[in-house]
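J.: Could you have a look at this structure, given as structure tokens, before my questions?
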Amino acid sequence: MVDQTSWMERYSRQILLPEIGGIGQKKLAKCSVGLVGANSMGLPFFLFGVGAGIGRWGVIDTSKSRAKEMDQQAKLRNPEINVKLFSPQKLKENVASWVNQWSIVVDLSNDSTIQLQLSSACQLTGIPFFSACCHGSTGLLFQAPCPFCLLTAPPQPTLSKKKSDLATMVPGLIGTVLAQKIVKFLLEPGVRLSPGLTSFCAEDSTFTNLTPYMNKSCPTCNIVNN
């Protein structure tokens with residue numbers, strides 16, 4: 001049983017925020033995130049989410065050591081949080097069953113094949129899906145993307161792949177921004193996640209919100225939007 005005094009002390013600053021409060025903080029504790037990717041994007045995202053009080057996590061990564069590091073970090077920062085580590089094999093066995101365990105699913109693997117696999121499963125199960133990737137000094141954040149339309153879309157934003165000292169900062173920034181977006185989403189009752197695409201360019205420190213391409217003849221989009 002969680003000690004009420006220590007709980008109030010841990011989250012006192014968030015509880016004072018009108019957009020969170022005590023009710024919102026307790027709601028976050030009941031939420032869960034399925035996370036794929038314990039990399040330089042995944043770690044800051046995870047730590048901010050744990051710090052915010054999201055109560056349950058399922059983490060998948062090809063590196064067991066990175067996934068274990070996340071679990072250890074969670075225990076040190078917030079022992080009230082429950083973290084369960086899964087092998088990548090779990091996605092191959094039954095991806096739909098795995099995504100259906102969580103309030104939302106987040107893909108930070110930087111792997112288009114995994115993104116397609118998770119996005120398709122989330123479309124079928126109705127689980128909100130977020131994804132992000134980095135290419136050089138450019139970062140992209142997706143929410144509820146159609147796995148088919150995104151891959152057959154008109155030209156995407158130009159991705160800067162040139163070498164830059166700023167490129168090393170992009171994954172951490174993208175993970176942090178995504179954590180904020182997801183906490184906000186989890187606190188909004190009954191809000192339907194609409195497709196969204198945000199591009200970040202480190203060279204000029206700008207964010208650009210874009211409307212994902214929606215193919216009107218796509219059977220998946222028609223199911224979701226009707």
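J.: Free of Cβ contacts under 8 Å to residues at least 60 places away in the same chain, crowded, with 21+ Cβ neighbours inside 10 Å and within 19 Å of I174 (Cβ to Cβ): does that describe V36?
T.: Against the criterion (free of Cβ contacts under 8 Å to residues at least 60 places away in the same chain, crowded, with 21+ Cβ neighbours inside 10 Å and within 19 Å of I174 (Cβ to Cβ)), V36 does not qualify.
J.: So, one more: Quick check: anything in segment 2-13 of a type in the set (S, T, N, Q) and surrounded by 12 or more Cβ atoms within 10 Å (Cβ to Cβ)?
T.: No, segment 2-13 contains no residue that is of a type in the set (S, T, N, Q) and surrounded by 12 or more Cβ atoms within 10 Å (Cβ to Cβ).
J.: From the list R66, R77, pick out the single residue that is under 26 Å from K184 (Cβ atoms) and among the charged types (D, E, K, R).
T.: Going through R66, R77 in turn, the sole match is R77.
J.: Still on this structure, please answer the following. Within segment 84-97, can one find any residue that is more than 23 Å from C122 (Cα to Cα), within 17 Å of the chain's Cα centre (by Cα) and among the aliphatic types (A, V, I, L, M)?
T.: So far as segment 84-97 goes, no, none of its residues is more than 23 Å from C122 (Cα to Cα), within 17 Å of the chain's Cα centre (by Cα) and among the aliphatic types (A, V, I, L, M).
J.: Taking segment 5-42 only, how many residues are out of contact with any strand residue (DSSP E or B) (no Cβ under 8 Å at 6 or more places or on another chain) and of a type in the set (V, I, T)?
T.: Number of matching residues: 4.
J.: Looking only at helices (runs of 4 or more DSSP H) that lie completely in segment 1-107, which have at least 2 residues being under 25 Å from R192 (Cα atoms)?
T.: 12-15, 21-30, 42-52, 89-99
J.: If you take the residues of segment 193-215 that are surrounded by fewer than 18 Cβ atoms within 10 Å (Cβ to Cβ) and of a type in the set (A, V, I, L, M, F, W, C), which of them is modelled with the highest pLDDT?
T.: F207
J.: Another one. When you go through (1) surrounded by 17 or more Cβ atoms within 10 Å (Cβ to Cβ); (2) modelled with pLDDT of 90 or more one by one for A96, which number turns out not to apply?
T.: (1)
J.: Shifting gears a bit: Could you list, in sequence order, the residues of segment 108-127 that are assigned to a loop (DSSP other than H, G, I, E, B) and either in contact (Cβ under 8 Å) with a residue 24 or more places away in the chain or closer than 30 Å to Y11 by Cβ (or both)?
T.: If the condition is that a residue be assigned to a loop (DSSP other than H, G, I, E, B) and either in contact (Cβ under 8 Å) with a residue 24 or more places away in the chain or closer than 30 Å to Y11 by Cβ (or both), then L108, S109, N110, G126, I127 are the ones that fit.
The values are calculated or read from the model by the stated rules, or taken from the named source; none is laboratory data. None of these values were measured; they are calculated from a predicted model. Here Cβ is always computed from backbone atoms with ideal geometry, including for glycine, and neighbour counts include all displayed protein chains.
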